[in-house]
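The values are calculated or read from the model by the stated rules, or taken from the named source; none is laboratory data. Because the structure is predicted, anything quoted here is derived from the model rather than measured. Because the Cβ atoms are built from the backbone with ideal geometry, glycine has one as well, and the counts that use them run over all protein chains shown.
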Ligand SMILES: Cc1ncc(COP(=O)(O)O)c(C=O)c1O
């Protein structure tokens with residue numbers, strides 16, 4: 001129940017243990033096509049250039065920045081936690097001039113902030129935000145910021161590492177030009193691949209660059225020859241990871257995306273109600289709280305790290321610590337993918353209430369469980 005990796009279905013683990021085929025084997029090539037098709041369904045896009053980059057979510061971030069940004073390009077990046085800051089760092093390493101749009105951790109990036117920043121940038125090439133900030137539990141609405149980016153003539157990049165398959169992510173409807181995700185959150189697959197998708201506009205920008213993409217490994221112009229119809233060897237695809245993603249995507253679509261979103265919402269609301277009964281509010285901005293990552297306020301006088309330690313040692317429950325300015329102030333409780341269940345909500349509430357009671361903070365478990373139900 002941490003901020004990822006989430007629990008993985010037995011059939012995904014079983015898929016990973018199957019015998020290997022080569023990365024150009026017809027069976028694997030067929031599987032690649034199925035993965036691309038299923039990713040399009042999960043991203044809600046018709047983008048041809050949709051595939052899993054080899055590497056974790058950060059590889060997806062680097063893929064998007066490295067392909068879309070050239071030295072001297074201007075980028076406007078929203079920062080409301082760890083991952084927006086990481087994106088700004090990556091964009092700068094690509095040689096871009098970055099305008100940072102910052103907001104206090106736990107709050108969303110407001111469209112007005114992006115509009116104000118865009119007014120000060122002469123020729124923005126890229127506007128980027130993190131949809132679901134895993135470090136704070138805030139979900140920034142996308143559409144207004146996407147419109148601002150396009151009105152300014154920029155491409156729009158979205159980080160969906162934590163949001164994908166846990167809440168609505170609508171790439172085509174929101175006119176997202178570039179998007180990356182990770183496998184280990186709401187897709188409930190082990191970490192190791194970064195699903196990405198580029199719109200025709202973004203692909204055009206990547207193919208008509210003045211300079212070569214500085215990363216050979218992540219150059220979409222080279223990767224397209226392997227993941228497209230030519231099947232030219234680029235690097236050896238991580239075969240077993242792709243087996244796992246194939247099975248994880250099959251499970252997501254078998255459940256039905258909308259049903260999966262609703263499950264995440266319901267379990268979040270149950271946890272939130274139970275926590276409220278224990279007097280523990282969610283710390284992120286009201287109205288924009290993630291369903292898959294709950295930032296639980298640590299009450300005064302309670303040792304954040306000691307509670308986390310006991311949860312793991314005695315109850316076999318892992319939760320995350322707060323990061324940066326939220327260190328010691330929140331627990332990050334993940335309800336992602338397979339982990340998002342009523343049973344886990346109740347197990348967490350029960351364990352937490354017991355630990356808090358032992359620490360001298362009166363906590364009514366029966367009331368919490370009733371509120372959650
Ligand atoms: C929102 C977000 N973006 C990017 C990343 C980086 O992904 P990874 O750790 O898989 O490289 C994470 C990881 O937690 C994340 O939560």
Consider region 154-192. How many of its residues are within 28 Å of residue 98 (Cα to Cα), more than 11 Å from the ligand (Cβ to nearest atom) and in contact with a helix residue (DSSP H, G or I) (Cβ under 7 Å, 6 or more places away or on another chain)? 11
In region 1-28, what count of residues is obtained for those that are assigned to a loop (DSSP other than H, G, I, E, B) and farther than 30 Å from residue 315 by Cα? 8
Can you name every residue in region 117-140 that is out of contact with any helix residue (DSSP H, G or I) (no Cβ under 8 Å at 6 or more places or on another chain) and in contact (Cβ under 8 Å) with a residue 12 or more places away in the chain? 117, 120, 121, 122, 123, 131, 132, 137, 138, 139, 140
Residue pairs within 6 Å by beta carbon, gap of at least six or interchain, first lying in region 245-271 and on the phi > 0 side of the Ramachandran plot, second at pLDDT below 95, listed first then second, are none
Note: among 167, 186, just one is buried (at least 21 other Cβ atoms within 10 Å of the Cβ) and out of contact with any strand residue (DSSP E or B) (no Cβ under 8 Å at 6 or more places or on another chain), namely 186
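Filtering region 193-228 down to residues that are under 17 Å from residue 159 (Cβ atoms) and within 16 Å of the ligand (Cβ to nearest atom), which residue is surrounded by the fewest Cβ atoms within 10 Å (Cβ to Cβ)?
Here the residue is 218.
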Just the residues that are outside any helix (DSSP H, G or I), touching a helix residue (DSSP H, G or I) at 6+ places or on another chain (Cβ under 7 Å) and within 16 Å of the ligand (Cβ to nearest atom), please, taken from region 67-93. 77, 78, 79
Residue selected from region 75-93 under the condition in contact with a strand residue (DSSP E or B) (Cβ under 6 Å, 6 or more places away or on another chain) and surrounded by fewer than 21 Cβ atoms within 10 Å (Cβ to Cβ), by the criterion farthest from residue 125 (Cα to Cα): 85
Is it true that residue 45 is at pLDDT 95 or above, on the phi < 0 side of the Ramachandran plot, more than 15 Å from the ligand (Cβ to nearest atom) and in a strand (DSSP E or B)? no
When you scan region 21-32, do you find a residue that is at negative phi, within 16 Å of the ligand (Cβ to nearest atom) and in contact with a strand residue (DSSP E or B) (Cβ under 8 Å, 6 or more places away or on another chain), even just one? no
Quick test for you: out of 17, 58, 11, 54, pick the one residue that is within 16 Å of the ligand (Cβ to nearest atom), farther than 30 Å from residue 101 by Cβ and surrounded by fewer than 21 Cβ atoms within 10 Å (Cβ to Cβ). 54
Among the listed residues 349, 312, which satisfies the condition of being surrounded by 16 or more Cβ atoms within 10 Å (Cβ to Cβ) and part of a helix (DSSP H, G or I)? 349
